[in-house]
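Novice: My structure is below; once you've seen it, I'll send some questions.
The values are calculated or read from the model by the stated rules, or taken from the named source; none is laboratory data. Just so you know, these numbers come straight off a predicted model, no measurement behind them. Here the Cβ is made from the backbone with ideal geometry for all residues, glycine too, and neighbour counts use every protein chain on show.
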Amino acid sequence: MRVLALLDGTLADPDAPLLRVDDLGLMRGDGIFETVLVVNGKPRELDPHLDRLARSAEMLDLPEPDRASFERALTLVLDNWSGGTEMALKLVYTRGVEGGDGTPTGFALGLPIGAKVLTQREAGLSAITLDRGIEPGLAERAPWLLLGAKTLSYAVNMAALREAERRGAEEVVFTTSDGSVLEGPTSTLVTVNGRTLTTPPATLGILPGTTQAALFRAAEREGWTVVVEPIAVVDLHSAAGVFLVSSVRKITRVHTLDGKPLADSSAIHAELADLYESEY
Ligand SMILES: Cc1ncc(COP(=O)(O)O)c(C=O)c1O
């Protein structure tokens, strides 16, 4: 089950060709996207996702995405969905065709959640740390690297996941060259110690996560302490819980890191999952 809608407010056949071969999103990965979780027809964190789409567009000097057009397209997808209770809603926006008039290409696409993600939500996952080659201060010093923008250029992120697979793990925790934790290829890292949640700062050059923000909002309301500060890799091994969170994977437990078992965080996981769901 897939539903595709265009920014002009029309539905399109997701199995039929749509993009031109010279679309810069295809040719150079020159574009941006968002993936929104939809549960029972209701998109979660839609405003933060649309805000982040606008921020990514600004970082790439793309024309500002027309919010009303995206809202119309995604509503069309929601209205025509007859799949399961959950949907991954992709919003895609590229620089348009090479040598064209600069009109961006954009669409909204509803997809089922992948089986692997669903399994990992329940069972947790094993991860490895991989160097992302980012040093502190790089994001501000070199804005052309687009660190923290959600661009379509995810080839590096996908290569890291294949490397994890080669090493017998399922996921990746990217690190800076000096051993500080960044994020997963498609997720934000959160640690738990006592009643404190910690996540690394976006200023390190990582994507500010909408799921992490929702979780922190709920946790703070329930009296938890939430902290945004650098986390050293060694701290992951002593944490009471390590989690990778994202819109589609929700709150997923990391049970093994670099081949070493982490603390059993099943009970904390249940608590965090409840906190997160309490937002909706
Ligand atoms: C690199 C990266 N970091 C973090 C996230 C988590 O963001 P969100 O919680 O908004 O889905 C994603 C989402 O796909 C991502 O690609």
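Novice: Considering only the stretch 193-208, state which residues are outside any loop (DSSP other than H, G, I, E, B) and away from the ligand (no atom under 11 Å from the Cβ).
Specialist: Scanning the stretch 193-208 gives 193, 196, 197, 198, 203, 204.
Novice: Moving on. For residue 68, indicate whether it is farther than 16 Å from residue 150 by Cβ and surrounded by 14 or more Cβ atoms within 10 Å (Cβ to Cβ).
Specialist: Here the answer is no, as residue 68 does not meet what is asked.
Novice: State all residues of the stretch 19-76 that are of a type in the set (Ser, Thr, Tyr) and either within 14 Å of the ligand (Cβ to nearest atom) or under 14 Å from the mean Cα position of the chain (by Cα) (or both); if no residue qualifies, say none.
Specialist: Matches in the stretch 19-76: 35, 56.
Novice: While we're looking at this one, here's another question. Starting from the stretch 252-280, keep only residues that are over 18 Å from residue 237 (Cβ atoms), then list their pairs with residues that are of a type in the set (Phe, Trp, Tyr) and assigned to a loop (DSSP other than H, G, I, E, B) whose Cβ atoms are within a distance under 9 Å, requiring at least 6 positions of separation or different chains.
Specialist: Close Cβ pairs (under 9 Å, with a partner that is of a type in the set (Phe, Trp, Tyr) and assigned to a loop (DSSP other than H, G, I, E, B)) amount to 275/224.
Novice: Let me confirm something: among 168, 241, which residue is touching a strand residue (DSSP E or B) at 6+ places or on another chain (Cβ under 7 Å) and either more than 27 Å from residue 140 (Cα to Cα) or assigned by TED's automatic domain parsing to the domain that holds residue 36 (or both)?
Specialist: 241
Novice: Quick one: which helices (runs of 4 or more DSSP H) sit completely within the stretch 79-192 and have at least 3 residues that are hydrophobic (A, V, I, L, M, F, W, C) and under 20 Å from residue 246 (Cβ atoms)?
Specialist: 115-123, 155-166
Novice: Does at least one position in the stretch 237-249 carry a residue that is away from the ligand (no atom under 16 Å from the Cβ), surrounded by fewer than 16 Cβ atoms within 10 Å (Cβ to Cβ) and without any contact (Cβ under 8 Å) to a residue 40 or more places away in the chain?
Specialist: For the stretch 237-249, residues away from the ligand (no atom under 16 Å from the Cβ), surrounded by fewer than 16 Cβ atoms within 10 Å (Cβ to Cβ) and without any contact (Cβ under 8 Å) to a residue 40 or more places away in the chain: present.
Novice: Further question on the same structure: Checking the structure you have, find out if any residue of the stretch 209-220 is within 15 Å of the ligand (Cβ to nearest atom), within 25 Å of residue 87 (Cα to Cα) and in a strand (DSSP E or B).
Specialist: Checked against the condition, which is being within 15 Å of the ligand (Cβ to nearest atom), within 25 Å of residue 87 (Cα to Cα) and in a strand (DSSP E or B), the stretch 209-220 yields no hits at all.
Novice: Out of 119, 175, 129, I need the residue that is away from the ligand (no atom under 12 Å from the Cβ) and out of contact with any helix residue (DSSP H, G or I) (no Cβ under 9 Å at 6 or more places or on another chain). Which one?
Specialist: 119
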